[in-house]
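Remarks on the structure that follows.
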């Protein structure tokens, strides 16, 4: 496990880019942290590194956003899910085991559905702009 601190949204975005450059098609990244922790900023950086254009936004109300790029990004937000069955109903396996990189915000809500080799990133808010990222299953 690796621990990394950032002190601004720009640093979190840059960390996401660094992580994104290490991901391969088929990777699943489980993002956990409270509201405003930086999950979406990190996701923006990952998507940028994978060549996805446009503005990456949290899919809170749509559950999934898909971004085209060199590698497609499937961006899930499980905050509003009431059960794992909600995710099963939208065919999550097609994305988790597909040709893109899958980012899952609020991943703790679907822990039993995540592939065994998922990258886990836990985010802790340390101050107004300060964040600590605990990263498991990814070397860089």
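Remarks
- Residue in the stretch 50-70 that is within 16 Å of residue 101 (Cα to Cα), at pLDDT 95 or above and within 11 Å of the chain's Cα centre (by Cα) present: no
- Only one entry in 84, 48, 124 is touching a helix residue (DSSP H, G or I) at 6+ places or on another chain (Cβ under 6 Å), under 23 Å from residue 15 (Cβ atoms), surrounded by fewer than 22 Cβ atoms within 10 Å (Cβ to Cβ) and touching a residue at least 24 places away in the same chain (Cβ under 8 Å), namely 48.
- Filtered residue count, the stretch 5-46, keeping only those that are closer than 15 Å to residue 119 by Cα and touching a strand residue (DSSP E or B) at 6+ places or on another chain (Cβ under 7 Å): 14
The values are calculated or read from the model by the stated rules, or taken from the named source; none is laboratory data. Keep in mind it's a predicted model, so treat the numbers as computed, not measured. Using ideal geometry, Cβ is built from the backbone for each residue, glycine included, and neighbour counts are taken over all protein chains shown.
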